[in-house]
Structure formats: structure tokens, C-alpha cells
Amino acid sequence: MSQQQLTIKTPSVARLWFVLGVLGVMLLLLAFRAFDLHVLQHEFLANQGEKRNLRSEPLAAHRGVIYDRTGSPLAVSTPVTTLWGNPSELVEHRQEWQRLRHNKVVSEAKIADMVRGRENKKFVYLARGLAPLQAQSVLAEGVPGIYSRTEYRRYYPAGEVTSHVIGFTNIDDQGQEGLELALNDSLKGVEGRRKYVRDNRNRVIQGIEVDKEARPGTDVTLSIDLRLQYIAYRELLAAVKKSKAAGGSVVVLDAHTGEILAMVNQPSFNPNNREGVQVGALRNRAVTDMFEPGSTIKPLTIAAAMEEGLLKASSTVDTTPGTLKVANKLIRDARNYGVIDIPTILAKSSNVATTKVALIMDDQALPAFMRRFGFGATTGVAFPGEAKGSLPYRQHWREIERATLSYGYGVSVTALQLARAYGVLANNGNLLPATLIKQEQPLVGEQIIDAEHANDMVRMLEGVVNEGTASRARVPGYRIAGKTGTVRKLTNGSYEEDKYLAMFAGIAPAENPRIVTVVVVDEPKEGGYYGGLVAAPVFAHIMSGVLPMLNIEPHAPEPIYASSEVSAQGGQL
């Protein structure tokens, strides 16, 4: 072997240092890059990462519970599951849809329909308000792009019985009718937010973190007593069916507090399932529908004359010959009652007598008196769609206008307004605002008529039940005061020949008034149409349940104001 072949070449020292230098520079660059990424650009990169992977979704807040005055729930929120999809992800995994081909909740066809035209979107509802088992039947298939979230759905335990008072919410849990709408801002609460991290396939890879706690809505306790509400609902429904009426309303009012203890209407609806419900059935007729009150207004005509000092309880009126011509209108009574006293005017419901009483007053006196009772203005109940009624302002009321006003035509009221007006008579002349909210402290009222006159009217209205047109309003064991009313329906400015409203406004017990109840039956078609025949029995049936329920003890049904007890010394009209 030659010397040349045995020579081994070794790298030069310079080359070695060069290589080491390059490696050192690279390490320094890597270190700097790591420093740059983890320190200098950490916040920027973290934000960018969050934008790409961190998701946020609303955290539903359940609405406040609505209770009746005894603590029974009338509206509660129950958790339900909502399924939603990410259209862009669903389209990417279109082949996976076949897993849901026969699913009854979210089918393959439904997914195709929901994502069509939304391929670049990130959110679409697939199904809302599902029971957990329904939602799980979809989620168990594991189709990429389908997710769930918890929402709340409103449930109404009393169903139709309280539907017009409570109202209902829509699918987004926002109030649409009734107190759900009126109190929506208080009931709805404040939505929260929660965050979670997903990978590039939109799968959750990090636990959920609550970013903002949801704040539940405020609970509300109503003045409504569900026990009394059931009684009123049952009796009104039975009466409407029996008379084949178009509808009706009942208001039960606590005369001492202004609290509405029951308010029902027919036709009604089931707020838990509104499919196929007619729009007309959604109205709370007791506060939205106006009608002429007819003879139920006559006690106010008498009270107005007493307040003016023109009439005493012992006064008499000559109604002979049973008719009275005012302008071109002939006003009639059922028969010629001759000379009658004030209690008999109400007991017999004399149009002639109340007309004569109205005509001895100044032309503005009776309309002004009725405004004091709240006619032509809202009641204070703050219910959506509440009607003010109608009581015109006129510079001069003609005699015929005053005449018809005296027996309840030319003025329109709601059932609640009429109940509130009778509440004045039952509460010693004190007018209270009506309320659907339970009151811890008594509401402040206004003394609008003399207490003695109010008490006189109650005693005289007891005679209407004992001796007059309202005998069917009697409640065994209790003393009842009240007045019937029957009016032709006014449609498009004309009175219908064969359509009537039957009414009764009652006070119980007469010796110590506590409860005012108004019954209105719309277009009764069988069994008569007079208020004494149709509406008064409904009052009696309701009070037979309500008075014992409120622990109001019965008393001997002795009349405390009868026409035979009235002195003839009072003047005659």
C-alpha cells in the first residue's frame, strides 16, 4: 500500500467553526422566534386562536313565575332542548345525513331544507322546544354540525281557566298577550353567556366556562284566587252552553281593596296548545269589549240626584201612564207602575222614572257624575288593550240624550269598569283603582260620593233581588244586592233586532259588602235573553261557591230596605 493511500483527510478547524456558527445562529433564531411567539406576540396570537376556536353562545334566563294570591303557580318555565346546526359544517359532511333519514324530529330531508341557501352561515335552528328524549334521538346519531342548547318553554298549569288573564309567550319566550305581555320586562330576566373551545372540526375540546351568569326574571303574585277563578270559569261556561250564547265575561272584585279575585271569559283557549285557535278567542273581553250597560246604570242615576240634593230615599215618582215622550222618542215601562218610591224604581227597573229623575238635574250633572265613577277612562289595571269605554263630552246634553243616558244607553263600559263602579257603592262611596297584582298595603282611593248615599243604594239594590227583577240572583243564607240589565247589541251604529246582552251586577253580602261581581252574557239564544233570566243565575251559582270559600258567614236573608218601609214624605216628581 502506498503512502498516498494511507493519508486520511480531516476537516479544517475553520470549517468546523463555520458549521458550529451556523448551528448557533439557527438556535438563536429559533430561541428568538420562540420568545417572539410566547412573549412578544402572545396576546395577539392568543386572541387569534380564540377567534378561530373559542365560541360563545347565549345562556337562557328563565322567566319569573306567576302565582295566584295563595301561592299556586299560574305560569312556570320548564327547560327544553333546542337543536341547531352549523350549515357550513353540515354541508361538508353531507354523506352523514343519511343516519337521520327516518328520524321524526330532524330528518335528512329537513336538514337539506334548512341549510339550503345558508351554506356559508354558521347557525340555523333545526328544532326548538324539544323534550330531552326527542333531542337525544337526534344527537345520538353523531351527525357532525348538529348541536344542542337549553332554552325555556312556558307552561300554564290552569290552562284555559286563566288564559285571558295570564296570556302567553312566543317561542322566544317573549310575552305576547295578557300579563305575560304587560309584565314582560320584569318577567323575562337577563340572558347570560357561556364560552367553550372547539377544534377545527367544531368538536368541543375544552369544558364550558360561564362568562356571564343568566339572571332569572322576577316572580309576580297576582290578586287572582285560582279557587274562585275555577268557580267563575265553570259557571260561565255552563251558562254560555245552556243559552247557546256567543260568549260572556265575569269579573269578581274585592270592594275593599280593588283587587280582582277572578276574571274569566268565553270563548276561551288553551295557552299550552294554541293550534287552530281563533283570534277572537284570545281577547280578554272583560277589559277590551265595550257595551251599553242598560239598566245596571240606573242606581247611578238615582245616586246622582241624591248627591245633587234633588232626591231622597223616601221620594216618589209618578210614572203614570207608563210612558213618557221625550223629543220624538216614546219611553216605556213594562207596565204602568203609577206613583212609586225610589226602591221600587230600581226593583221594577222603571225607564220612565229614571228619565224623570235625570231631567230634573242640570244637563251636565249626570254625565259628570258618571265620569267620577271612572266611565270613559281606564281602570288602573294596566292590562294590554284595555278599553276606556265611551262617555261623550258635550257642551249641551239634550233632553233625549240625558234620558237615554239615565237608563244606560249612549254610554259604553267594560265589565271591569262596571264592577269598579259598583265597588264604589259597596265601599262606602270610595273609588279604588282596579288591580291584578296582590296588594300588601291597601290602595289609596278617592271618596266620590257620600257614604250614606252609597249605603242607601246598596240597601235599595237588596230590594231588587228580594222583590224585583233579580230574584234569581238570590244565594241561600246570604243577603244579596244587585241590578239586572238587558240591552240590544249595537253593531255598526245600528241596534240589532234579535241580539242582546244580558247583565247582572251584584254585591255580597248586602249587610257588610265585600264582593262585587259582574256577569255579562253575549247573545243568549235559548231560555230567554233578559239579565234576570240569564245573567242573575250565573251570579248566584258563583257566589254560592265564592262566599263560603272566603269564609264569609251566612246570615238570615232578611231585606233591610223594602219599599213598604219607605215614608211617603219625600216629595214627588
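Only one residue in Ser349, Ser268 is under 24 Å from Ile507 (Cα atoms) and either in contact (Cβ under 8 Å) with a residue 40 or more places away in the chain or of a type in the set (Asp, Glu) (or both), so which one is that? Walk me through how you get there before you give the answer.
Working: Ser268 fails: under 24 Å from Ile507 (Cα atoms).
Ser349 is the lone residue from the list that is under 24 Å from Ile507 (Cα atoms) and either in contact (Cβ under 8 Å) with a residue 40 or more places away in the chain or of a type in the set (Asp, Glu) (or both).
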Residue in the stretch 151-163 that is in contact with an Asp or Glu (Cβ under 9 Å, 6 or more places away or on another chain), surrounded by fewer than 16 Cβ atoms within 10 Å (Cβ to Cβ) and within 30 Å of Ala281 (Cα to Cα) present: no
Search result, residues across the stretch 137-151 that are closer than 25 Å to Glu191 by Cβ and free of Cβ contacts under 8 Å to residues at least 60 places away in the same chain: Val138, Leu139
Selection status of Val65, at pLDDT 90 or above, surrounded by fewer than 20 Cβ atoms within 10 Å (Cβ to Cβ) and touching a Phe, Trp or Tyr at 6+ places or on another chain (Cβ under 6 Å): no
Conditions (1) under 25 Å from Gln417 (Cβ atoms); (2) surrounded by 24 or more Cβ atoms within 10 Å (Cβ to Cβ); number of the one not met by Pro271: (1)
Test: residue in the stretch 96-103 that is surrounded by fewer than 21 Cβ atoms within 10 Å (Cβ to Cβ) and either under 15 Å from the mean Cα position of the chain (by Cα) or in the same structural domain as Pro216 (by TED's automatic domain parsing) (or both): no
Those residues of the stretch 476-508 which are out of contact with any Leu (no Cβ under 7 Å at 6 or more places or on another chain) and part of a loop (DSSP other than H, G, I, E, B), in sequence order: Pro476, Gly477, Arg479, Ile480, Asn492, Gly493
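Select, from Ser268, Ser249, the only residue that is outside any strand (DSSP E or B) and either outside the structural domain of Gly380 (by TED's automatic domain parsing) or modelled with pLDDT of 95 or more (or both).
Values: Ser249 fails: outside any strand (DSSP E or B).
Only one candidate passes the filter, namely Ser268.
Within the stretch 118-177, can you find the residues that are outside any strand (DSSP E or B) and of a type in the set (D, E, K, R)? Give the steps one after another, and end with the answer.
To start, the set of residues in the stretch 118-177 that are outside any strand (DSSP E or B) comprises 118-123, 131-145, 156-167, 170-174.
If the condition is that a residue be outside any strand (DSSP E or B) and of a type in the set (D, E, K, R), then Arg118, Glu119, Lys121, Lys122, Glu141, Glu160, Asp172, Asp173 are the ones that fit.
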Subset tally (residues that are charged (D, E, K, R), without any contact (Cβ under 8 Å) to a residue 60 or more places away in the chain and more than 26 Å from Lys312 (Cβ to Cβ)) for the stretch 322-341: 2
Residue that is nearest to Leu310 (Cα to Cα), among those in the stretch 332-343 that are under 44 Å from the mean Cα position of the chain (by Cα) and surrounded by 14 or more Cβ atoms within 10 Å (Cβ to Cβ): Ile342
Any hit, the stretch 320-331, residues being touching a helix residue (DSSP H, G or I) at 6+ places or on another chain (Cβ under 8 Å), surrounded by 19 or more Cβ atoms within 10 Å (Cβ to Cβ) and in a loop (DSSP other than H, G, I, E, B): no
Residue among Val106, Val91, Val115, Val124 that alone is free of Cβ contacts under 8 Å to residues at least 60 places away in the same chain and in contact with an Asp or Glu (Cβ under 6 Å, 6 or more places away or on another chain): Val91
Matching option when the condition is closer than 18 Å to Asp289 by Cβ, surrounded by 13 or more Cβ atoms within 10 Å (Cβ to Cβ) and at pLDDT 95 or above, among Val546, Val519: Val519
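Based on what the data block shows, is Gly85 over 29 Å from Asp225 (Cα atoms) and buried (at least 16 other Cβ atoms within 10 Å of the Cβ)? Give the steps one after another, and end with the answer.
Working: over 29 Å from Asp225 (Cα atoms): yes; buried (at least 16 other Cβ atoms within 10 Å of the Cβ): yes.
Yes: the conditions hold for Gly85.
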Residues that are among the aliphatic types (A, V, I, L, M) and in contact with a Phe, Trp or Tyr (Cβ under 6 Å, 6 or more places away or on another chain), drawn from the stretch 490-505: Leu501, Ala502, Ala505
Residues (buried (at least 24 other Cβ atoms within 10 Å of the Cβ) and in a strand (DSSP E or B)) located in the stretch 252-265: Val252, Leu253, Ile260, Leu261, Ala262, Met263, Val264, Asn265
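So that you can scan it fast, the table gives a plain yes or no per residue for (1) over 32 Å from the mean Cα position of the chain (by Cα); (2) in contact (Cβ under 8 Å) with a residue 60 or more places away in the chain; (3) buried (at least 21 other Cβ atoms within 10 Å of the Cβ):
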position	(1), (2), (3)
Arg394	yes, no, no
Glu399	yes, yes, no
Tyr409	no, yes, no
Tyr422	no, yes, yes
Ala426	no, yes, yes
Ala451	yes, no, no
Candidate set: the stretch 216-246, residues that are more than 17 Å from Thr517 (Cα to Cα), among the charged types (D, E, K, R) and not in a loop (DSSP other than H, G, I, E, B); chosen: the one nearest to the chain's Cα centre (by Cα): Lys241
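The values are calculated or read from the model by the stated rules, or taken from the named source; none is laboratory data. Every value quoted in this text rests on a predicted model; they were computed, and no experiment measured them. Cβ coordinates were reconstructed from backbone atoms using ideal geometry, including for glycine residues, and neighbour counts include every protein chain displayed.
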